[in-house]
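Here's the structure we're looking at; comments come further down.
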Amino acid sequence: MIPARRWLASRGIGLRPRHLLVIGAVVGFLTGIVVTTGPITAPIFLSYGLVKGAFIATEAAGSLAVYLSKAAVFRSFGAMPLPVIVQGLITGTSLMLGAWIAKRFVLRLHPDRFRFLMDALMLVSGLTMLYTALR
C-alpha cells in the first residue's frame, strides 16, 4: 500500500469522501473478521490528505469506535471477562498518555516528514507481521 499511495500522490490523485464511504464499508467488514485493520486504514487516511494531528485524531476516533463496539459485542456474548476489560483500560490509558506526550513533537513535524515516518512505521510493522506469520 505504501508504493500505491506514493504513486497516486505523485500524480495528484487522492481520495475523496465518496471513496472513503466505499473503503470504510469494506474495512468495516474486515474489522469484524480480523483483530485490527490499522495497517489498512493508515495509508487510506494519508491518501485522503490527513497528516499530523488530524491523522492521529481520526485514527484514534475510528479505533475507539471500533474497539468499543467489539468490546460491547464480546461482553454481551460472555466472551470478555472483567479482568480483560481492566487490562484493556490500562493499555488504552497508556496509549493515550503516550500520544499526549508525543503531541508536541508530531505537531512540529513537516507534513512530508510525517508521511515519511508513517511509511517507515507501516513498512516495519508489515515486515514484522510477515516474519511472525512465516516463522
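What follows is calculated from the coordinates using simple rules that are stated; it is not laboratory data. Being a predicted model, the structure only gives us computed values, none of them experimental. Every residue, glycine among them, receives a Cβ derived from its backbone with ideal geometry; neighbour counts consider all protein chains shown.
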### Task
For the range 2-134, build the charge dipole from Cβ charges (+1 Lys, Arg; -1 Asp, Glu) around the Cα centre, then report which of Leu68, Leu30, Gly14 sits farthest towards its positive end.
Gly14
### the chain: most fluctuating residue of Leu82, Leu15, Leu117 per GNM, C-alpha cutoff 10 Å
Leu82
### Query
Can you work out the FRET efficiency for the pair Ile40 and Arg135, with r the C-beta to C-beta distance and R0 = 22 Å, to the nearest 0.05?
0.45
### Task
Would you compute, from DSSP H runs of 4+ residues alone, the mean residue ellipticity of the chain at 222 nm, taking -39500 (n - 2.57) per run and dividing by the full residue count, rounded to the nearest 500?
-28500 deg cm²/dmol
## Note on the structure
Listed residues Phe55, Phe45, Phe116; largest mean-square fluctuation, Gaussian network over the chain with Cα springs below 10 Å, found at Phe116
### Hydrodynamic radius by Kirkwood, which averages 1/r over all alpha carbon pairs of the range 2-134, in angstrom
16.6 Å
### Query
Against the longest alpha carbon principal axis of the chain, how many degrees, from 0 to 90 and to the nearest 10, is the axis of helix 82-108 turned?
20 degrees
### Task
Subtracting the Cα-Cα distance from 0.36 nm times the residue separation, let me have the gained length for Ala102 to Leu30 in nm, one decimal.
23.0 nm
### Task
May I ask for the angle, rounded to the nearest 10°, between helix 17-33 and the longest principal axis of the chain, with both axes built from Cα atoms and the value confined to 0 to 90°?
40 degrees
### Task
Kindly put Tyr131, Tyr48 in sequence by how many other C-beta atoms sit within 10 Å of each C-beta, fewest to most.
Tyr131, Tyr48
### Query
Could you give the angle, 0 to 90 degrees to the nearest 10, between helix 111-134's Cα long axis and the longest principal axis of the Cα atoms of the chain?
50 degrees
### Query
Once both labels are modelled 7 Å past Cα along the beta-carbon direction, what's the Ser94-Leu20 spacing in nm?
3.1 nm
### Message
What are the ³J(HN,Hα) couplings of the range 47-59, residue after residue, when phi is run through the Karplus curve with 6.51, -1.76, 1.60 and θ = phi - 60°? Round to Hz, x for glycine and proline.
### Response
5, 6, x, 7, 9, 6, x, 5, 5, 5, 5, 5, 4
### Task
Just subtract the alpha-carbon distance of Ala9 and Ser69 from 0.36 nm times their residue separation and send over the number in nm, one decimal.
18.3 nm
